[in-house]
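K.L.:
Can you read through this structure? Questions will come right after.
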Amino acid sequence: MSTGKEFAPPDATPPQADPIAHARDLVDYAASLDCIHCGLCISSCPTYRISGRESASPRGRIHLMRAAAESRVEADADFAEEMDYCLVCRNCESVCPAGVQFGRMMELTRDGLESRRQRKLSARLARWLGFRIVLPSRLALRLVGTLTRLMQVTGLARMFAPALGAAGRALQSLPALPPARERALLPARNRGLRNTGDSDARPALFMLEGCAQPELFGHVNRSTVDALCAAGHDVHVARAVCCGALHAHNGELDQARQLARIYVQEWVRSCAAEGAELIPITNASGCGAHLREYGELLAGDAQCGADAARFSALVRDWSELLSPRIADGSLKLTAPTNVSGPVAWDDPCHLCHGQGVREDPRVLLKAIPGLEQVELHDSESCCGSAGIYSLLRPADGAAILAPKLETLANSGARTLVTSNPGCQMQWLAGIRSKGMDVRVVHLAELVQPTQRT
Ligand code: SF4
Ligand code: SF4
């Protein structure tokens, strides 16, 4: 739990002549002025709900940012703690009448804080390994995945985790990794099903496999591609690895820009080779929200700023491709055999708040024949995963998930459906800790289109 100090009353001290110059690398001062202090966001903020402290609310954090820019508070350890305590879930953006872009503000502030922090050598090494070496490299991810599975299968993970500190906690929070054949990458090109004389061509897609998804839940990517191909889409699978969302959320904006460039450049090459504009898609909500920000992230980049803006404008969640077809009756789904009991959908934050996608997954679930569904109260509140938040702050992540676990237990659902690998992991860990008999699946595992006739 945060120990950040309470903030000063608004406008206690007049701003400096040039407040932006004072902390231009720490605070988006102009954006902080968009906040009208109405407080409508406060009760929707998970960290405020847990702590009851204004300084742990969106309004409080914006006030702290502004006060730091105006030299009324120091960007010290207490300030950093309040920023770190935030999940960047963007729930506050959904309710804000002034359109405050809180997620972007927080990314800038964390990036500015990173250059001011005095981290221990071990922490610096862990961040360098994670952000620079492992996440951007398929080879390194494969190595880590294989070693982790080996440790899980032999019981070494359970034996050594307590002695490994934060790394051990991360190891224990992982689900059982699948065997190598399930973690194999998808073919670069997957052809959509078409009937003879079919004039109804579907747009070709450019799909991000992601960094963690292939190692943790490889079958989810396979199911997604199968569903989209069955619906008639050609699916090109990107060879770029990490989209940079975790970097952007954790104070590594330069590296996030570098990864964004790699991904946009591959998309441009693929479009040229195909002779058509491919639609970038993803099945991981956190990545999708970040891909939609590439235009902003690379604004002013002479080499690929314009391509990034075009790319971002085209990004879709995979469910958005299929739900209109359900609605117009041109696509039907079959009953899955791999699901039991009532199912409940939990909105990933970066799908509902980050991308504004709320209805499409529900349309797909409702179209599955014979599937009993229950609504989860407060399904748009954060589960506490928030990228690597639950690894860095396991107690806070668990406290934020706790009321949602209770809601799930009261709903009677036997299957929890979501669409983000981090959320899947967080739910799995929470359900396991409570000894509940509830399965956790990605939406793509349940959506199986009938082949067109
Ligand atoms: S992003 Fe989420 S945790 Fe952070 S201030 Fe907004 S609602 Fe609260
Ligand atoms: S809802 Fe928006 S304008 Fe109102 S206090 Fe929160 S961030 Fe500021």
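Laboratory data are not the source of any read-out in this text; all were calculated from the coordinates shown. Just so we're clear, the structure is a prediction, and the values are computed from it rather than from any experiment. Note that each Cβ is placed from the backbone with ideal geometry, even for glycine, and that neighbours are counted across all protein chains shown.
K.L.:
Starting from the Cα of T450, step 7 Å along the direction of its Cβ; do the same at E74; then give the gap between the two resulting points in nm.
P.N.:
Using points 7 Å along Cα→Cβ, the separation is 6.9 nm.
K.L.:
Mind checking the dipole of the range 348-431: about its Cα centre, +1 per Lys or Arg Cβ, -1 per Asp or Glu Cβ, Debye to the nearest 20? Write out the running numbers ahead of the final one.
P.N.:
On the way: 6 positive and 8 negative charges, 30 e Å.
Using Cβ point charges on Lys, Arg, Asp and Glu, the range 348-431 gives about 140 debye.
K.L.:
Relative contact order (percent) for the range 323-445, with alpha-carbon contacts under 8 angstrom and 6 or more residues of separation? Walk me through the intermediate numbers first.
P.N.:
Details: 171 pairs, mean separation 35.6, N = 123.
Computed value for the range 323-445: 29 percent relative contact order.
K.L.:
Let me ask something else. Could you compute the net charge surrounding S44? Neighbours are other residues with a C-beta less than 12 Å from the C-beta of S44; K and R count +1, D and E count -1. The partial results should precede the final answer.
P.N.:
Details: positive: R49, R59, R90; negative: E93, D378, E380.
Residues near S44 contribute 0 overall.
K.L.:
Separate question: Quick one: order M65, M436, M83 by neighbouring beta-carbon count within 10 Å, fewest to most.
P.N.:
Details: M65 29, M436 16, M83 22.
Result, fewest neighbours first: M436, M83, M65.
K.L.:
Take the alpha-carbon centre of the range 313-346, take the same for the range 125-187, and report the distance between them in whole Å.
P.N.:
31 Å
K.L.:
Right, here's the next one. With +1 assigned to the C-beta of every Lys and Arg and -1 to the C-beta of every Asp and Glu, and no other charges, what is the dipole magnitude of the range 37-170 about the Cα centre in debye, to the nearest 20?
P.N.:
660 debye
K.L.:
What translational D, rounded to a whole number of µm²/s, comes out for the range 36-91 from Stokes-Einstein when the hydrodynamic radius is the Kirkwood one over Cα pairs, at 25 °C and 0.890 mPa s?
P.N.:
215 µm²/s
K.L.:
How do M207, M151 line up, fewest other C-beta atoms within 10 Å first? Before the final figure, lay out each step's value.
P.N.:
Numbers: M207 23, M151 18.
So the ranking, lowest neighbour count to highest, is M151, M207.
K.L.:
From the residues V100, A245, L391, which one has its Cα farthest along the dipole of the chain in the positive direction, the dipole being from +1 and -1 charges on Cβ of Lys/Arg and Asp/Glu about the Cα centre?
P.N.:
So the residue we want is L391.
K.L.:
Mean residue ellipticity at 222 nm from the helices of the chain, using -39,500 (n - 2.57) per DSSP H segment of n ≥ 4 over the full residue count, to the nearest 500 deg cm²/dmol?
P.N.:
On the way: 23 runs with 220 residues, N = 453.
Theoretical 222 nm ellipticity from helices: -14000 deg cm²/dmol.
K.L.:
If you place +1 on the Cβ of every Lys and Arg and -1 on the Cβ of every Asp and Glu, how big does the dipole about the Cα centre of the chain come out, in debye to the nearest 20?
P.N.:
The calculation lands at about 1500 debye.
K.L.:
Specify the inter-centroid distance of the range 249-278 and the range 379-437, based on alpha-carbon positions, in whole Å.
P.N.:
31 Å
K.L.:
Taking the square root of 5 times each eigenvalue of the Cα gyration tensor, what semi-axes in Å does the equivalent ellipsoid of the chain have, largest first? Provide the component values of the computation, followed by the final result.
P.N.:
Working: eigenvalues 251, 131, 106 Å².
Taking √(5λ) for each Cα gyration eigenvalue gives 35, 26, 23 Å.
K.L.:
Ok, one more. Restricting to bridges with both residues inside the chain, how much of the DSSP beta-bridge set is antiparallel, in percent to the nearest 5?
P.N.:
So the antiparallel bridges amount to about 15 percent of the total.
K.L.:
Given an 8 Å cut-off on Cα distances and at least 6 residues of separation, report the relative contact order of the range 19-116 as a percent.
P.N.:
Worked out over the range 19-116, it gives 39 percent.
K.L.:
Label the range 128-242 by shape, choosing from rounded, prolate and oblate, from the square roots a ≥ b ≥ c of the eigenvalues of the Cα gyration tensor; if a/c is under 1.5 it is rounded, and otherwise prolate applies when a/b is larger than b/c, oblate when it is not.
P.N.:
Cα axes put the range 128-242 in the prolate bin.
K.L.:
Between Q303 and A188, take the C-beta separation as r, use R0 = 22 Å, and let me know the FRET efficiency to the nearest 0.05.
P.N.:
On the way: r = 24 Å, r/R0 = 1.11.
Calculated transfer efficiency: 0.35.
K.L.:
Something else: Give me V73, V95, V343 sorted ascending by neighbouring Cβ count inside 10 Å, so fewest comes first. Walk me through the intermediate numbers first.
P.N.:
Details: V73 19, V95 16, V343 24.
Exposure proxy ranking, most exposed first: V95, V73, V343.
K.L.:
Over the chain, what is the mean sequence separation of C-alpha contacts under 8 Å (at least six apart), divided by residue count, expressed as relative contact order in percent?
P.N.:
Value for the chain: 15 percent.
K.L.:
Here's something else I'd like to know. Once fully extended, how much extra length lies between L147 and N338, figured as 0.36 nm per residue of separation less the alpha-carbon to alpha-carbon distance?
P.N.:
65.9 nm
K.L.:
Still on this model: Which of H37, Y85, S55 sits closest to the plus end of the dipole of the range 19-116, meaning its Cα is farthest towards the positive end, when Lys and Arg get +1 and Asp and Glu get -1 on the C-beta?
P.N.:
Value computed over the given set: H37.
K.L.:
Compute the Kirkwood hydrodynamic radius of the range 323-445, taking the inverse of the mean of 1/r over all pairs of distinct Cα atoms, and give it in Å to one decimal.
P.N.:
Averaging 1/r across every pair of different Cα atoms and inverting gives 14.9 Å.
K.L.:
Using the basic label-point model (7 angstrom from Cα toward the beta carbon), what is the L40 to A176 distance in nanometres?
P.N.:
A separation of 4.8 nm, rounded to one decimal place.
K.L.:
Could you work out how much longer the chain between A395 and E372 gets when fully extended? Use 0.36 nm per residue separation minus the Cα distance between them, nm to one decimal. If you can, show how the numbers build up before the last one.
P.N.:
On the way: separation 23, 0.36 × 23 = 8.28 nm, distance 3.36 nm.
Extra length available between A395 and E372 comes to 4.9 nm.
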